[in-house]
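Shown next, in structure tokens, is the structure this report addresses.
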Amino acid sequence: MLVLRRLGQALVTLAGAGVLVFAMLAATPGDPARRVLEARGVTEPRPPAVAAVRAELGLDDPLLVRFGSWAADAARGTSARPGGPAARCPTSSPTACPPPCG
């Protein structure tokens with residue numbers, strides 16, 4: 001019985017931490033699509049390019065849909081970006097992951 005209670009507490013803690021991390025990421029200042037374009041070398045992104053990146057990253061989706069997608073990716077250990085650093089990590093060896101880009 002103690003093991004089940006501890007497991008339940010761990011799941012609640014994990015869910016709370018996930019909500020907190022996602023909320024902090026969503027509350028960062030600036031437009032993520034603009035930051036992506038700037039990282040790609042576009043100094044003054046035009047609105048159509050920003051809209052395309054927003055659609056590519058799923059930033060046009062409602063907040064709950066984005067959270068569900070983010071949580072599912074985190075649970076699988078994959079990145080939201082195809083070929084991103086987390087996608088290249090072997091699941092058996094998390095210490096072998098490449099450093100984050102950018």
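Applied to segment 21-26, the Karplus parametrisation 6.51 cos²θ - 1.76 cosθ + 1.60 on θ = phi - 60° returns per-residue 3J(HN,Hα) values of 5, 5, 5, 5, 5, 6 Hz, with x for Gly and Pro. Take the Cα of residue 15, go 7 Å toward its beta carbon, and the backbone nitrogen atoms of segment 48-70 under 20 Å from that spot belong to 63-70.
Bear in mind that the values in this text are calculations on the coordinates, not laboratory data. Small disclaimer: the values here were computed from a predicted structure and weren't measured. No Cβ is skipped: glycine too gets one built from the backbone with ideal geometry, and neighbour counts run over all protein chains shown.
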